[in-house]
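Here the structure is laid out as structure tokens; the discussion comes afterwards.
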Amino acid sequence: MMLNKFKEKYSRDEFTNSFIIILAVIILGTFLLSLFFIPLFRILQYAFYSDSQFSFSMFFSTISNSTNLIFLARDTLAQALISTVFCLLIGIPASYFFAKYDFKGRKVIINLLTVPFVLPPIVVLLGFIVAYGEGGWVNVIWRNIFNTENSLISIFGTYQGIIFAHVFYNLSVIIRMTIPAWESLDFDQIEVARSLGASNWRIFRRIIFPQIINYIISAALLVFVYTFNSFAIVLFLGEARFQTLEVRIFKQMKDSLNFSGGASLAIIQLLVNTLIIILYLWFERKTRQMALGKEKGLQKTKLRFSKRNWKINLRTTGIILFIILIGLFTFAPIFAVIIESFIPFSEGVSSLWGYKQLLSNEHMNILNNSPLRLLLNTLLFAVVATIITLILSLLIVLVLRNRYESLRKYRKPLAEGLISYMIILPMATSSITLAIGLFLQYRNTIIYQSAVWLFIILSHVLISIPFATRSILSAYNRIDIELLNVASTLGASRLRIFRKIELPMMMRGILVGGIFSFAISLGEFGATNFLVRDVFGTLSIGISKLITSQTLQLPATMASILIIITVLCFLIIQKIGEVELKV
Amino acid sequence: MVNLKLEDISMKYEKKYILENLNLDVEHGELLVLLGESGCGKTTLLKIVAGIIEPEKGKVLMDNSDVTHLSPQRRRIGYVPQAQVLFPHMTVKKNISFGLESQKLSKEEIEEKIQWISELAHLEELMERYPSEISGGQKQKVALARAMAIEPHLLLLDEPLSSIDAMGREELALTIRRIQKETETTALYVTHNQEEARLISDRVGIMYDGKIQQLGNVVDIDSSPHNYLIAKIMGTPNIWSVDFIEEESNATVLSTNLGKIKIPAKIQRKVTGINIPPTSFKISFKYNEISKEKDSFFVKGYIKSVIQIDEKTDRFVVEIVSNTIEYAKIDVEKTLITADISPNQEIFLNVDPLEIRIL
């Protein structure tokens with residue numbers, strides 16, 4: 001009787017759908033609970049429990065410690081703020097030029113500007129050292145020209161060195177994220193305002209500024225998060241004098257074995273990150289709402305020289321110089337790494353020495369492994385992490401966009417709300433904190449002792465999931481719900497709709513998300529560096545071990561390989577992006 | 001071919017009823033147009049019939065069997081939504097065959113049916129194209145063919161012409177009508193545009209406040225709309241709402257934006273508005289020439305434009321002199337137009353109160 005009533009009320013299709021959703025929630029819940037929430041709880045425990053008694057005393061003594069306070073205020077908060085402001089000051093004019101002026105190679109330059117950002121941090125750091133370090137190109141040229149002993153730039157152990165590196169690393173974020181802001185401006189609005197007698201300043205203040213501010217804020221918040229949580233750059237350039245919270249936590253946990261201190265700092269960091277991420281999501285949604293329904297954008301002006309008008313010539317020259325400077329600033333370190341890999345580190349060594357060394361076992365004592373094995377580890381970890389990430393992200397998207405529930409009941413289903421909040425927290429958790437959680441929770445288990453590589457991969461998965469999910473979700477959101485409704489009236493089952501409609505239409509997002517996850521795992525440094533043991537190192541770890549050695553040829557070679565793979569990934573993303581425009 | 005019966009359908013959205021105890025019968029092979037303004041719940045009703053959403057209360061019956069809780073997959077319904085939603089990654093042919101492939105048919109049968117429907121909808125030339133390569137009107141034809149290919153028991157159309165340019169509209173409307181008639185498919189067609197209803201319908205249901213307010217063929221509704229709002233939805237010219245009513249011994253005085261109108265009779269039913277048919281006006285270009293019969297309704301106005309209706313008749317659009325800006329449409333025999341019409345020409349109008357229709 002009951003069963004009949006059930007059958008009458010729920011079609012087989014809805015049953016399949018519910019089954020899939022429940023299964024997805026169980027898998028996601030288990031994954032997040034065991035690898036994120038329980039480890040996070042363990043961190044809380046270390047921060048607030050001493051001798052199995054709850055107490056704030058350790059937490060307070062950690063955060064009121066003057067060294068910690070300096071690292072928090074000066075090296076983390078103020079540093080992130082200053083880095084962000086510099087990025088904005090250079091990035092916003094640059095994005096305006098790219099949005100406003102049309103010239104040969106414009107698209108290529110915009111696309112290439114993204115490359116530094118997708119490069120592994122350790123590679124960026126190496127490039128920075130090769131280009132601007134004490135013995136780096138810029139300083140050598142400076143000394144030769146002016147015949148002096150002094151350096152032009154000093155990046156090691158200086159505050160400005162850290163800021164400089166952060167601006168280099170994050171400038172592309174600002175430029176890429178604010179170009180759409182300028183492009184979304186409707187030129188007709190400005191013309192109308194002008195015809196109504198508004199001055200240029202008033203037009204900027206009342207018409208332009210309100211329309212671009214959300215884009216700028218969301219880009220700035222993102223750069224703030226990245227520089228706030230910066231690890232590799234500060235670990236090496238800061239020389240222990242300057243430490244972000246991320247570096248401080250790492251040192252407390254790994255060097256001082258002060259678990260409760262590290263845990264307390266991790267909590268502070270997590271709170272700040274959560275706040276910023278929530279703000280970011282809010283502003284980002286506002287920019288998307290503003291972009292809706294806008295068809296016409298900013299008209300582009302051709303960048304040109306004129307025979308008569310010297311003002312135009314001056315402007316054009318200025319813009320070209322500015323763009324060349326930005327290009328030099330951004331690409332110099334990358335080219336420097338590749339060129340460095342061919343420069344013999346001493347006389348009598350061939351320029352291909354670095355590449356031959358990849359196959360040798362000469363560096364076992366430093367690397368614990370041959371460079372080739374490190375490369376294989378890197379690729380293997382990245383492939384496995386990508387597959388797991390994609391499966392989990394797809395499940396998240398399915399739960400978040402459970403059309404059946406929301407359509408039939410006209411309200412947001414419970415699972416959707418739950419999962420959407422559950423994934424914000426991992427987004428706001430730094431890679432070191434993720435690794436610490438895993439370490440504290442599982443360090444005494446057999447599986448951790450014997451298969452630390454699994455935890456390295458899982459930490460990569462945790463870091464990649466938010467990126468992959470967002471990419472797939474944005475592709476999914478572009479599917480018109482009516483398409484799925486039509487498909488079901490045409491008799492297609494839930495599974496057939498998924499296979500024939502949803503999956504092909506999400507494919508671009510899945511590919512982009514997959515490649516992103518692959519690139520993230522490829523260059524991940526913070527969590528890997530914390531967890532790594534024995535022979536399970538990656539190229540990033542190898543480079544970091546050799547970065548302080550006198551000869552940069554071998555690390556530059558390893559970095560060049562990472563650059564090539566990353567650029568290839570990036571080119572594929574660009575290619576897919578183009579295909580998408582045609583559909 | 002089935003008949004569709006909706007019984008006491010209710011649906012709430014954000015605490016407000018958008019459908020409330022709605023009842024409707026659609027007969028075998030009939031094309032019924034649901035006419036109503038945006039947001040009146042037409043689309044929701046269509047989705048309930050399609051099985052995409054479930055009503056809070058009420059029953060959906062097809063040939064007297066209850067399908068209220070049946071999934072869309074098993075209802076065998078052809079659904080053509082508002083925007084031209086084709087599967088963008090499939091060719092026209094693949095789009096049309098999508099529904100057929102969900103049924104257990106042989107390849108030959110599928111090919112046969114595709115052939116049949118593509119000929120019926122004149123789509124043979126487009127079969128290998130992608131949706132991005134065809135026009136809006138063509139897309140909608142494909143959407144229609146896709147829905148019809150499964151030989152649905154019931155065809156549901158949600159404003160199918162709304163995103164099509166004016167040129168393609170009539171042709172598409174007639175294509176829909178032709179295919180529906182040839183296949184004798186029962187159809188429910190939703191729109192806010194009364195002209196579409198006039199072009200295509202067997203019967204029209206006027207919908208607002210979550211209910212079907214009047215049901216019948218276009219001619220019947222035009223000649224006796226139940227109230228002012230229905231007349232408005234039907235696009236009846238020259239209607240004015242009545243603000244209040246004064247009863248006199250042998251007459252009723254109606255207050256409208258045109259002024260007070262005295263009807264020489266007692267009105268027994270509820271009055272919501274008045275309608276003055278465009279042919280009921282008597283005109284004059286000079287004040288002293290107008291007939292001043294006792295109790296006739298008299299106003300002054302200015303001619304704003306003249307439209308030719310046919311060889312014998314012109315239609316004046318006249319701005320009436322009143323407290324608010326009101327326009328009246330007046331059909332005049334050309335022979336009666338004695339003066340040259342100049343812009344803003346003064347005109348005097350006279351209507352016999354007995355010719356005024358009470359809504």
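The values are calculated or read from the model by the stated rules, or taken from the named source; none is laboratory data. If you're wondering where the values come from, they're calculated on a predicted model, not measured in any experiment. Counting neighbours? That spans all protein chains shown, and the Cβs are built from the backbone with ideal geometry, glycine included. Note: accessible area is taken over every heavy atom of the protein model, side chains too, but ligands, DNA and RNA are not part of it. Shrake-Rupley method; radii C 1.70, N 1.55, O 1.52, S 1.80 Å.
Scanning chain A for GluC sites (Glu not before Pro) that sit in a DSSP loop and have at most 15 other Cβ atoms within 10 Å, the longest stretch containing none of them is A:363-583. Assign one of three labels to chain B, namely rounded, prolate or oblate, based on the Cα gyration tensor with a ≥ b ≥ c the square roots of its eigenvalues; rounded applies when a/c is under 1.5, prolate when it is not and a/b is larger than b/c, and oblate otherwise. Prolate is the answer for chain B, as a/c is 1.5 or above and a/b outweighs b/c. Between residue A:290 and residue A:202, the modelled labels are 2.2 nm apart [label points 7 Å from Cα along Cα→Cβ]. Counting only heavy atoms of the protein chains and using a 1.4 Å probe, residue A:156 has close to 70 Å² of accessible surface.
Label reach from residue A:51 (point 7 Å along Cα→C-beta): in the range A:232-268, amide nitrogens under 18 Å belong to A:260-261. Overall, the anisotropy analysis places chain A in the oblate class: the square-rooted eigenvalues a ≥ b ≥ c of its C-alpha gyration tensor yield a/c not less than 1.5, with a/b not exceeding b/c. Ordered by 1.4 Å accessible area with all protein chains kept, B:106, A:471 run largest first as B:106, A:471. Using the 1.4 Å probe convention, the accessible area of the range B:17-137 works out to 43 Å² per residue with neighbouring protein chains retained. What the Cβ-Cβ distance of residue B:10 and residue A:350 gives, at R0 = 60 Å and to the nearest 0.05, is a FRET efficiency of 0.10.
Calculated FRET efficiency, residue A:444 to residue A:111, Cβ-Cβ distance, R0 = 51 Å: about 0.60 to the nearest 0.05. For residue B:243, the accessible area of its heavy atoms, probed at 1.4 Å with every protein chain present, is near 100 square angstrom.
Between the range A:228-284 and the range B:34-75, the alpha-carbon centres lie 55 Å apart. Counting Cβ atoms of other protein chains within 10 Å of each Cβ in B:99-112 and taking the mean gives 2.
Rolling a 1.4 Å probe across all protein chains gives residue A:27 an accessible area of roughly 70 Å². Over 30 Å apart at the Cα level, from the set B:12/B:260; B:211/B:260; A:104/A:575, are B:12/B:260; B:211/B:260. Please state the shape class of the range A:203-328: rounded when a/c is under 1.5, otherwise prolate if a/b exceeds b/c and oblate if not, all from the C-alpha gyration tensor. Oblate, because a/c is 1.5 or more while a/b does not exceed b/c. Along its first, second and third principal axes, ordered by size, the range B:244-358 spans 44, 27, 27 Å in Cα coordinates. In this rough spin-label picture, where each label sits 7 Å from Cα along the Cβ direction, the residue A:338-residue A:281 distance is 3.9 nm. Among A:445, B:185, the order of accessible area from largest down is A:445, B:185, computed with a 1.4 Å probe on protein heavy atoms.
Working from label points 7 Å from Cα in the Cα-to-Cβ sense, the residue B:23 to residue B:339 distance is 5.6 nm.
Go ahead and estimate [θ] at 222 nm for chain B from helices alone: -39,500 (n - 2.57) per DSSP H run with n ≥ 4, summed, over the residue count, rounded to 500.
-7000 deg cm²/dmol
The A-B contact accounts for approximately 2800 Å² of buried accessible area, totalled over both chains at a 1.4 Å probe radius. Each other residue within a Cβ distance under 14 Å of residue B:323 adds +1 if Lys or Arg and -1 if Asp or Glu, for a net charge of -1.
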